[in-house]
Amino acid sequence: MCYRTKLNSKLSEIERSLEARFIDPDEYKPQLEINAFTFSKTSVISDENQGEIQMFNWGLIPFWAKDDKIKKMTLNAKIETIAEKPSFRNSVKKRCLIIADGYYEWQWKDPKAKEKQKYLITPTDQEIFAFAGIYSTWINPETDETLNTYSIVTTEANELMAEIHNNKKRMPVVLKKQDHQSWLNGTDHSNFAFPYEVPLIATAVE
């Protein structure tokens, strides 16, 4: 799974790397650790506005939801079942890039996770990268507020991540830079399931 990410790069570096511009630069705040369970806004590029970087809330809320409680269970979306799960099936073709420069995972040192080692995971070939994401636009029935919300798509762990994320053996889909357009333009999601992967490196965090 993937519940902690990082985006601490300069705004100008992000724009240059992704070849897109922030709609509202003042909304971007560099963060060393983004906690999924704060459901905060993070930087994304959607299929509908590929030259723009927007701020979407982490935790997908389907358009049909009566309230936002479901977001606790939609932070990640398994690539193997997104076309079937009611929460995700309407968003399979609503694609986004979730921008990051790292993510965190914990290795269990014992079966009950009394001792864990934290790792920072980064691609070896990209300083700023994108997770494969799906999104939804939801209108709060009580306030009429419109929210754009997303899930990070996950897949089976590769060899490195199976060793680190040894309790669940999952990993987020980190896209190859040359595949950003392919993901956004609706290429079948199954093409991005493991063994699709980018080379990763894990650095222990004290």
**OP:** Per residue of the range 114-124, in order, report the coupling 6.51 cos²θ - 1.76 cosθ + 1.60 (Karplus, θ = phi - 60°) as ³J(HN,Hα) in whole Hz, putting x for Gly and Pro.
**Re:** 5, 10, 9, 10, 8, 10, 9, 10, 9, x, 7
Original post:
Using a basic spin-label model with each label point 7 Å from the Cα along Cα→Cβ, how many nm lie between Ile23 and Trp108?
Top reply: 4.1 nm
Subject >> Cα gyration tensor category, rounded, prolate or oblate, for the range 48-91 with a/c compared to 1.5 >> reply: oblate
Original post:
For all pairs of alpha-carbon atoms in the chain, what percent lies in each bin of width 5 Å, listed from the first bin to the last filled one?
Top reply: 1, 8, 16, 20, 21, 17, 10, 5, 2, 0
Original post:
Can you work out the FRET efficiency for the pair Glu80 and Asn166, with r the C-beta to C-beta distance and R0 = 22 Å, to the nearest 0.05?
Top reply: 0.65
**OP:** Collect residues whose amide H, placed 1.01 Å from N in the peptide plane, falls under 5 Å from the amide H of Ile53; neighbours closer than 5 in sequence don't count.
**Re:** Arg21, Phe22, Ile23
Original post:
Using θ = phi - 60° and the Karplus curve 6.51 cos²θ - 1.76 cosθ + 1.60, what whole-Hz ³J(HN,Hα) does each residue of the range 55-66 get, with Gly and Pro shown as x?
Top reply: 10, 10, 7, 6, x, 5, 10, x, 4, 8, 5, 7
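With r defined as the distance between the Cβ atoms of Ser182 and Glu52 and R0 fixed at 30 Å, what FRET efficiency is calculated, to the nearest 0.05?
E(calc), rounded to 0.05, equals 0.95.
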**OP:** State which entries of Lys71/Lys94; Lys93/Lys118; Lys29/Lys94; Lys10/Lys85; Lys29/Lys114 exceed 27 angstrom in Cα-Cα distance in the structure shown.
**Re:** Lys93/Lys118; Lys10/Lys85; Lys29/Lys114
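Taking Rh as the Kirkwood radius, which is the inverse of the mean 1/r over Cα pairs, what is the Rg/Rh value for the range 60-158?
1.05
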Original post:
Residue by residue, what Karplus-based ³J(HN,Hα) values in Hz, rounded to whole numbers, does the range 8-18 have, using 6.51, -1.76 and 1.60 with θ = phi - 60° and x for Gly and Pro?
Top reply: 10, 6, 5, 4, 5, 5, 5, 4, 5, 5, 8
Subject >> Tensor-based shape of the range 100-206 (alpha-carbon gyration tensor, a/c under 1.5 rounded, otherwise prolate or oblate) >> reply: oblate
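Since every read-out is calculated from the coordinates, none of them should be taken as a lab result. Keep in mind that this is a model prediction, so the values were computed, not measured. When we count neighbours, we look across all protein chains shown, and the Cβ atoms used for this are built from the backbone with ideal geometry, even at glycine.
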